[in-house]
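Comments concern the structure below.
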Amino acid sequence: MRIIWETGEALAVEEDGKLVEYIRTEEDGQSGSILMGRVERMMSGMECAFVDIGRKKSGFLPFREMSTTFTGQHLRSGEIVPVQIRREETGEKGAYLTRDLSIAGKYLLLMPMNRYIGVSRRIGDGEIRSRLLRTGKEIAQDRFGLVLRAAASQADPRDIREEAENLLAVWAQVQERAAMGGCPGSVLYTADAREALEADYAPRGIDRTERAEALPPELERQRREAEGRRIRLPGGGNIVVDRCEAMTVIDVNTAGARNAGDKETTVLQTNLEACREAAAQIRLRDIGGIILIDFIDMDLEKDRSLILDTMQEALLQDRRKTVIHGWTHLGIMEITRKRV
């Protein structure tokens, strides 16, 4: 059973009694918002610009967008342009910005500064992908770009078209506000975190949405536990989560683990429990970038393969793009997870 909780300060996702996501919804810290920004410094050597977005730290804006179909013009120093927060500021780094703006709906992602037509990678059926691509091209007609989300696979084409026109109307409002000018940091569009969350989980199924002043006591206990460094496993072992600037390292320990079998059985059982708990903590703490998991050493290749398969299965419900790259030469599992 999946429940989305909405409190005064956060959104949370519960799956079968376990807290798997917790997102604070402060107004001034939300990825996806579109702001006015003033280009402060052009850094040719780094192929980027630093942009004043009304905060203490300037935002980082690359000259080249990731998409080759982006239609924006070259940046100029002192120019005031609409920018979108792709990733919030962390530590000493300012927010990561983009001019390739996007507005998300339930069925599609509208990209007014682009002409790319795509389909979510979560849709694996080739026939459905082809049908959605045709639908997307018919709707866009080279006016804008869009990506059909997983929820679109079961949707009526008329509903998809209607949503596209609604999002296009939102974009028109953004343009009107931008034309009126304003100081750096003026908000042109604020992403609705609850709607985005519900849209992401719609293909997986949502049993209900609950609104409350606070989380139920058991979920609140799990949230507080996730703020700590050490998480206890059911069999007596534990994992230790250490986050640093470049990566996150998760260490697995047998600690007080006991098993009726031999040492190999104890190690395997602890590592299997660690897979499920590490996957849960990655989602709950919203860990992005490079993730290294140092499992307890295993002698048998079949055990290592089982751990790899279990980890892949445990991450299937993650709505962020997560890739397991396998084992390093030192026997450490290497994972990357998209920062959002």
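Rounded to the nearest 20, the Cβ-based charge dipole of segment 165-217 about its Cα centre (Lys and Arg +1, Asp and Glu -1) stands at 100 debye. Considering the values (i) 22.3, 72; (ii) 22.6, 79; (iii) 23.2, 75, which represents Rg and Dmax of the Cα atoms in Å as calculated for the structure under consideration? So the structure-derived entry is (i).
Residues in segment 93-132, backbone N under 17 Å from the label point at Arg243 (7 Å along the Cα-to-beta-carbon vector): list them, ranges by number please. Under 17 Å, as judged by backbone N against the label point of Arg243, lie 93-96 of segment 93-132. Taken about its Cα centre, segment 75-147 carries a charge dipole of roughly 240 debye when the Cβ of each Lys and Arg holds +1 and the Cβ of each Asp and Glu holds -1. Of the solvent-accessible surface of the chain, computed with a 1.4 Å probe over protein heavy atoms with every protein chain present, carbon and sulfur atoms account for 48 percent. Here Thr336 and Asp262 are evaluated by their C-beta separation; at R0 = 30 Å the FRET efficiency comes out at 0.30. Each helix, a run of at least 4 DSSP H residues, gives -39500 (n - 2.57); summed and divided by the residues of the chain, these come to -9000 deg cm²/dmol at 222 nm.
Under 14 Å Cα to Cα from Lys338, which aspartates and glutamates show up? Leave out anything in the same chain fewer than 8 places away. Output for Lys338: Glu88, Asp286, Asp318.
Of Lys57/Lys106; Lys93/Lys321; Lys57/Lys137; Lys18/Lys93, which sit over 28 Å apart, Cα to Cα? Beyond 28 Å between Cα atoms: Lys57/Lys106; Lys57/Lys137; Lys18/Lys93.
Comparing Ala226, Ala164, Ala212 in a Gaussian network model of the chain, where Cα atoms under 10 Å apart are tied by springs, the biggest mean-square fluctuation is seen for Ala212. Give, as ranges by residue number, the residues of segment 72-90 whose backbone N falls under 19 Å from the point 7 Å along Cα→Cβ of Glu40. Label zone hits: 75-90. With θ taken as phi - 60° and the Karplus curve 6.51 cos²θ - 1.76 cosθ + 1.60 applied, the whole-hertz 3J(HN,Hα) list for segment 303-310 is 5, 5, 5, 5, 5, 4, 5, 5 Hz, x standing for glycine and proline.
Going by accessible area, probe 1.4 Å, with all protein chains left in place, what is the ranking of Ser77, Ser31, largest first?
Ser77, Ser31
Ranked from largest to smallest solvent-accessible area, with a 1.4 Å probe on the protein heavy atoms, Glu88, Glu245, Glu213 come out as Glu213, Glu245, Glu88.
Among residues other than Asn271 whose Cβ falls under 11 Å from its Cβ, what is the net charge (Lys/Arg +1, Asp/Glu -1)? Result for the local shell: -4. Taking label points 7 Å from Cα along the Cα-to-Cβ direction, Lys18 and Ser305 give a separation of 2.5 nm.
Under a 1.4 Å probe, what is the accessible area of the chain per residue, stated in Å²? Provide the component values of the computation, followed by the final result.
Numbers: 18100 Å² over 340 residues.
In whole numbers, the chain has 53 Å² accessible per residue.
Rounded to the nearest whole Hz, the Karplus-based 3J(HN,Hα) values (6.51 cos²θ - 1.76 cosθ + 1.60, θ = phi - 60°) of segment 282-294 follow the sequence 4, 5, 5, 8, 6, 7, x, x, 7, 10, 10, 10, 9, with x at glycine and proline. Modelled spin-label separation between Glu210 and His325, with each label point placed 7 Å from Cα along the Cα-to-Cβ direction: 4.0 nm. Note on the chain: with charges restricted to the Cβ of Lys and Arg (+1) and Asp and Glu (-1), its dipole about the Cα centre is near 840 debye.
Quick check for you: which residues of segment 7-24 have the amide N under 11 Å from the point 7 Å beyond the Cα of Asp286 toward its beta carbon? Under 11 Å, as judged by backbone N against the label point of Asp286, lie 10-12, 21-24 of segment 7-24. When all protein chains stay in place and ligands, DNA and RNA are ignored, the 1.4 Å accessible-area order of Arg283, Arg230, Arg38, largest first, is Arg230, Arg38, Arg283.
Modelled label positions at Gln73 and Ser31, each set 7 Å beyond Cα in the direction of Cβ, lie 3.1 nm from each other.
Relative contact order for the chain using alpha-carbon pairs under 8 Å, separation at least 6, rounded to a whole percent? Show your work: numbers first, answer last.
Details: 631 pairs, mean separation 55.3, N = 340.
Computed value for the chain: 16 percent relative contact order.
The values are calculated or read from the model by the stated rules, or taken from the named source; none is laboratory data. From a predicted model like this one, the values you see are computed outputs, not experimental measurements. Counting neighbours? That spans all protein chains shown, and the Cβs are built from the backbone with ideal geometry, glycine included. Surface areas here come from the heavy atoms of the whole protein model, side chains and all, with no ligands, DNA or RNA. Shrake-Rupley method; radii C 1.70, N 1.55, O 1.52, S 1.80 Å.
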